[in-house]
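For reference, the structure discussed in these notes is given below.
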Amino acid sequence: METVIMPSWEEVKELLPKRTSLYYVDYNASLDDHLDLLQECIENGEYDTLYSAIDDWYIDSPLYTFEYLDKELADDICRKFDIKDAEEIMEEYEQEIRDEYYNRDDSDVLKDLLRNTGKQTMFYDTGIEIDSDSWQWNREKIAKTRNFIKKSLKIKCSKRQNRLIDTMLCQASYGGSLVIYFYDDVSDFIETTQNTITFKNPVIAIIDTVNGSGDNCDLGKVGEIEMPFNRERIRLCKTIKYSYTFSVCGMYSDWCEDTIVGLKDTVITKVLGESALSLKLQKDAKYSEVFKSGSCSFGDVDFNRHRNVIYRNDYPAGHTCKDCGTFWID
């Protein structure tokens with residue numbers, strides 16, 4: 001049997017690669033199916049939620065890399081110390097070798113996933129609510145509502161831009177929340193400490209997430225809009241169940257790329273109105289928790305959060321949930 005003279009750890013350490021990449025992210029891997037986690041990161045201002053998920057997704061990734069690295073190291077040990085088998089040496093320093101692999105790891109799973117995910121369509125909720133039934137408004141009410149929007153956003157509009165806003169008001173007949181759409185990297189809005197968000201050449205819209213309706217207009221040059229950087233007001237469109245841009249109109253992701261969004265520190269005294277959209281999303285989250293627990297909630301109009309829905313043909317006809325009594329009239 002070959003007698004192995006045990007080398008020192010420093011001698012073995014010299015044979016390790018200068019850098020290792022323990023985690024491999026395929027070019028097709030992205031966060032497209034986990035945008036809810038990205039939304040949480042925006043709201044929390046840190047990546048902890050994603051780091052926890054990545055730890056689970058890639059828990060076995062280093063094991064495959066270790067196998068390759070160990071084989072290369074064993075071959076190098078055999079050559080340097082002129083032996084036929086490095087098993088005893090590898091076992092002696094197994095933990096030190098593993099630790100050093102991690103110390104020299106240059107892979108960045110989060111960075112790779114964010115790169116593969118790319119820019120996202122988002123909107124900023126201004127807290128401005130627009131009444132419904134605009135199809136029956138007279139010119140006076142349309143003009144009054146348009147001027148209210150301009151005053152709230154502090155923008156100056158030409159006659160053409162006024163007409164764009166009027167058309168949007170008329171076509172968003174269910175009313176809803178006034179938002180500013182933009183297309184940008186999500187990472188820009190997660191760890192920032194700046195307190196003001198700005199918009200130039202804004203694409204604004206009125207959205208109703210209950211009925212999935214809305215309309216938008218590309219205003220172009222109207223000056224710079226400044227809003228408090230409120231994390232809960234920034235939403236990834238695809239995390240909204242009824243987003244008319246995707247769910248109804250099938251728009252491309254970059255349809256609102258004309259909006260130029262920025263962040264800065266400035267003294268801003270603007271007070272935002274209460275967000276009806278945020279309140280609805282909070283209520284939806286509570287409904288979802290009840291559904292996950294095995295029950296459902298009276299008043300929840302989402303069919304998918306009820307398990308025992310039947311059709312009733314009596315007058316008035318419609319669907320009803322036998323568990324909680326919610327009724328959807330035809």
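Points to keep in mind about this one:
- Solvent-accessible area per residue, Å², over region 77-160 with all protein chains present [probe radius 1.4 Å]: 64
- Taking every protein chain into account, the 1.4 Å probe leaves residue 6 with about 70 Å² of accessible area, to the nearest ten.
- Calculated [222 nm] ellipticity per residue, helices only, for the chain: -11000 deg cm²/dmol; basis is -39500 (n - 2.57) per DSSP H run with n ≥ 4, divided by all residues, nearest 500.
- Mean projection of the Cα convex hull over all viewing directions, computed for the chain: 25.2 nm².
- Highest-fluctuation residue, 189, 66, 303 considered, GNM on the chain with Cα pairs under 10 Å: 303
- Rounded to the nearest 20, the Cβ-based charge dipole of region 1-155 about its Cα centre (Lys and Arg +1, Asp and Glu -1) stands at 2160 debye.
- Dipole magnitude (debye, nearest 20) for region 129-193, charges at Cβ of Lys, Arg, Asp, Glu: 760
- A straight line joining the Cα centroids of region 149-210 and region 271-330 runs 29 Å.
- Surface/4 estimate of mean projected area, convex hull on alpha-carbon atoms of region 271-329, nm²: 4.7
- Gaussian network model of the chain, springs between alpha carbon atoms under 10 Å - residue of 185, 215, 33 with greatest fluctuation: 33
- Distant alpha-carbon pairs in region 14-56 (separation over 11 angstrom), percent: 73
- Using alpha-carbon coordinates, inclination of helix 61-81 to the longest axis of the chain, degrees: 20
- Averaging 1/r over every pair of different alpha carbons in region 80-160 and inverting the result gives a Kirkwood radius of 20.3 Å.
- With the convex hull of its Cα atoms as the shape, region 174-330 has an orientation-averaged projected area of 11.4 nm².
- Most positive-pole-ward Cα, 81, 27, 45, against dipole of region 1-87 from beta carbon charges: 81
- The alpha carbons of region 1-138 stretch over 99, 25, 21 Å along the principal axes, in descending order.
- Candidate lysines for bridging to residue 286, where Cα separation is under 26 Å - those fewer than 8 sequence places away on the same chain excluded: 238, 241, 322
- Relative contact order (%) - the chain, alpha-carbon pairs under 8 angstrom, separation at least six: 17
- Toward the positive end of the charge dipole of the chain, with +1 on the Cβ of Lys and Arg and -1 on the Cβ of Asp and Glu, the farthest Cα among 328, 177, 130 is that of 130.
- Dipole moment magnitude, nearest 20 debye, the chain about Cα centre, only Lys, Arg, Asp, Glu C-beta charged: 3600
- Apportionment of accessible area to carbon and sulfur, the chain, percent (1.4 Å): 47
- When the C-alpha to C-alpha distance is required to be over 29 Å, the pairs from 221/280; 119/200; 119/280; 111/292; 154/280 that qualify are 221/280; 111/292.
The values are calculated or read from the model by the stated rules, or taken from the named source; none is laboratory data. Since the model is a prediction, treat every value here as computed from it, not as a measurement. Note that each Cβ is placed from the backbone with ideal geometry, even for glycine, and that neighbours are counted across all protein chains shown. All accessible areas refer to the heavy atoms of the entire protein, side chains included, with ligands and DNA or RNA removed. Shrake-Rupley method; radii C 1.70, N 1.55, O 1.52, S 1.80 Å.
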